[in-house]
Amino acid sequence: MKKNFSFGTNEIIIPQQFYLQNSISLAKKLLGKILVRNLPNGKQYFIITETEAYFGEKDKACHCRKGKTPRTEVMYKQGGTIYVYLIYGMYWMLNIVSGKKNHPEAVLIRGIQKINVENNKISLGKLYDGPGKTGKILQINKKDFNGKNIYDTSTNLYIIDTPFEIEMSIKRTPRIGINYAGKPWTEKLWRFIAEINI
């Protein structure tokens, strides 16, 4: 299904205040929002389809379970800060810090779907299901993004409110790849997946 639409003047940047909620709430509310990536060949638009919440030092699956380190100090900043780290020596993970300063929590962006814009018509394109694929298509790296603000357009990576109507169903599951955390953390339903139609 396609709709007549034009981005640009319709972009409403989501303000920092939105990110000051806890990571579990934020992980759900980020679904369906539009992630904008400004690349040399122009702006690319993606709708957020999958997220995971990580909730502070007590969360044994969170990077901050052992306290503040040079790697995790970004997570102790206020909500809206970008947290980027590398896994397997090749995949950059995009996270958004949430909540208040000095309570380290964040949302991992696990999946996005391309929004195609052609002749003022929009349609959903390719689904990038997984944080590795997400980081790759967005061309994420630590140098350019870690510690920056997701609501600052000068970073060339920001999130806008969805400027058109969508249909969305959400399911919750346990988080992936955290068996080391043990119960009850492996059982927390802190992974959110959206099926979206426009």
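The values are calculated or read from the model by the stated rules, or taken from the named source; none is laboratory data. Everything numeric here is computed off the predicted structure, so don't read it as measured data. Here the Cβ positions follow ideal geometry from the backbone for every residue, glycine too, while neighbour counts run over all protein chains shown.
General observations
- Only one entry of 51, 72 meets the criterion of being more than 15 Å from the chain's Cα centre (by Cα) and polar (S, T, N, Q), and that entry is 72.
- Output for the stretch 179-193, where each listed residue is surrounded by 11 or more Cβ atoms within 10 Å (Cβ to Cβ) and farther than 19 Å from residue 132 by Cβ: 181, 182, 185, 186, 187, 188, 189, 190
- No other residue among 198, 166, 112, 176 is within 27 Å of residue 87 (Cβ to Cβ), hydrophobic (A, V, I, L, M, F, W, C), in contact (Cβ under 8 Å) with a residue 60 or more places away in the chain and surrounded by fewer than 20 Cβ atoms within 10 Å (Cβ to Cβ) apart from 176.
- Cβ-Cβ under 8 Å pairs, at least 6 apart or on other chains, the stretch 141-161 side at negative phi, far side of a type in the set (Gly, Ala, Ser) and surrounded by 13 or more Cβ atoms within 10 Å (Cβ to Cβ): 149/80; 150/80; 151/80
- Those residues of the stretch 6-31 which are touching a residue at least 40 places away in the same chain (Cβ under 8 Å), over 30 Å from residue 182 (Cβ atoms) and surrounded by fewer than 18 Cβ atoms within 10 Å (Cβ to Cβ), in sequence order: 6, 7, 10, 11, 12, 13, 15, 16
- Qualifying residue in the stretch 75-96 (condition: over 11 Å from the mean Cα position of the chain (by Cα), modelled with pLDDT of 95 or more, surrounded by fewer than 17 Cβ atoms within 10 Å (Cβ to Cβ) and of a type in the set (Val, Ile, Thr)): no
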